[in-house]
1. Hey, does the range 93-109 have a residue that's more than 16 Å from the chain's Cα centre (by Cα) and on the phi > 0 side of the Ramachandran plot?
2. Got a number for residues in the range 99-139 being aliphatic (A, V, I, L, M) and surrounded by fewer than 19 Cβ atoms within 10 Å (Cβ to Cβ)?
3. When you go through GLN152, GLN107, GLN103 one by one, which is the residue that is free of Cβ contacts under 8 Å to residues at least 60 places away in the same chain and under 29 Å from ILE47 (Cβ atoms)?
4. Pairs, please: C-beta under 8 Å, at least 6 apart or cross-chain, first residue in a helix (DSSP H, G or I) and in the range 59-76, second modelled with pLDDT under 85?
5. Out of all the residues in the range 16-43, which are surrounded by 15 or more Cβ atoms within 10 Å (Cβ to Cβ) and either at pLDDT 90 or above or of a type in the set (A, V, I, L, M, F, W, C) (or both)?
6. Being β-branched (Val, Ile, Thr) and touching a residue at least 60 places away in the same chain (Cβ under 8 Å) is true for just one of ILE50, ILE20. Which residue is that?
7. Answer yes or no as to whether ASP187 is acidic (Asp, Glu), surrounded by fewer than 17 Cβ atoms within 10 Å (Cβ to Cβ), on the phi < 0 side of the Ramachandran plot and free of Cβ contacts under 8 Å to residues at least 60 places away in the same chain.
8. For the condition in a helix (DSSP H, G or I) and either in contact with a strand residue (DSSP E or B) (Cβ under 6 Å, 6 or more places away or on another chain) or over 18 Å from ARG177 (Cα atoms) (or both), what is the one hit in LEU99, LEU110, LEU4?
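The values are calculated or read from the model by the stated rules, or taken from the named source; none is laboratory data. Predicted model, so just to flag it, every value in this text is computed and none were measured. Here Cβ is always computed from backbone atoms with ideal geometry, including for glycine, and neighbour counts include all displayed protein chains.
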Amino acid sequence: MKTLSDILFVISNGLLIPVIILLLYLAMRAVWVLFCFYNEYKQKMKIAGIFRQMIQNYSPEELDLAQEQLDSPGKDCVAACFQNLLSHKDDKIYCEHLLADFQVDVQKQLSKYRILIKLGPMLGLMGTLIPMGPALIGLASGDIVSMAYNMQVAFATTVVGMAVAAIGLAALQMNKRFYARSFNDLDFVFQKITAQ
């Protein structure tokens, strides 16, 4: 039994460095999400404003104006779906397929935030538990310096994992609301242009 527990101890200690590296990678992605947050928020609010204006005063002229305003949005899947709907408005089945594809694209966009939410705490917990074994061994042998270092690693990985998850959750909630409203707006446009 001691041999098996020694093997498990070696394996778990061997996982500490990959866990810390992955956690640092997720932390960098979370910082990047924060860094890009303002520009993405501005772009999403601009698109939402264009749709709100178009829907409140719906007319073919408003539709053309919205199409002009959303002509060069970059890689935004909402604007791309809107442009495709208008260019294929005579084909109802194809437009329905575009809306289904839009939902798939949204899930792909949101998955990058879900990864932060799920893997951040998971890796933080692993980074907490792995150094606890050596810390307890250090405590038992009277090596307080080793125990303190391992406890420092344990607490740091927990904090980083939770911070990563918090950033991911905030970004996910904002984007989910935006894409839900956008899908509703695109469905409205679809119903209007295919009813003509």
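1. Within the range 93-109, not a single residue is more than 16 Å from the chain's Cα centre (by Cα) and on the phi > 0 side of the Ramachandran plot.
2. Final tally of qualifying residues: 13.
3. Answer to the check: GLN107.
4. none
5. Hits for the range 16-43 are LEU16, VAL19, ILE20, LEU22, LEU23, LEU26, ALA27, ARG29, ALA30, VAL33.
6. Just a single option satisfies the conditions, and that option is ILE20.
7. no
8. Details: LEU99 fails: either in contact with a strand residue (DSSP E or B) (Cβ under 6 Å, 6 or more places away or on another chain) or over 18 Å from ARG177 (Cα atoms) (or both); LEU110 fails: either in contact with a strand residue (DSSP E or B) (Cβ under 6 Å, 6 or more places away or on another chain) or over 18 Å from ARG177 (Cα atoms) (or both).
After ruling out the rest, the residue left standing is LEU4.
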